[in-house]
Amino acid sequence: MNAVVSHMPVLLDTGSPDTQGRLLLVGDWLVCILVWLSAETHDDPQLHQKWFMEVGFGPCSIRQDTPRLFGTLEDAKAWVEERMGLRSDKFTRQR
């Protein structure tokens, strides 16, 4: 699959102050929706300023009881690349 993982900013109606979201796309395919977790909304410091995957589709779908957190959008994109079989660096080069 020759596709690029991209993201598009969106606002999400989550029912909380956490409304900043991103749609992650592989080519034209929506593969997951992320929401930014603010420090003011969450008591758990491990959740502060992380990207939470609200929902994934296809190979990016995961069980609801397995929350998926990412420190950065780049981390999320790398995870999507791996799940979709797009990673070109699966094997470490020997020097």
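Quick note: the coordinates plus some simple rules give every number you see, no bench work behind them. Keep in mind the model is a prediction, meaning the values are calculated, not measured.
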| Under a 5 Å amide H to amide H cut-off, with H placed in plane at 1.01 Å, what residues pair with K50 once short-range neighbours are removed? | L37
| remark: Matching label for the computed percent of Cα pairs over 14 Å apart, out of [x] 67; [y] 61; [z] 70, is [x]
| field | On Cα atoms only, tilt of 73-83 relative to the major axis of the chain in degrees | value | 50
| query | Just from its helices, what would the mean residue ellipticity at 222 nm be for the chain, if runs of 4 or more DSSP H residues each count -39500 (n - 2.57) and the sum is divided by every residue, rounded to the nearest 500 deg cm²/dmol? | reply | -3500 deg cm²/dmol
| Which whole-Hz couplings ³J(HN,Hα) result when phi for each residue of region 9-21 is put into the Karplus expression 6.51 cos²θ - 1.76 cosθ + 1.60, θ = phi - 60°, listed in order with x for Gly and Pro? | x, 9, 9, 10, 8, 8, x, 9, x, 6, 10, 6, x
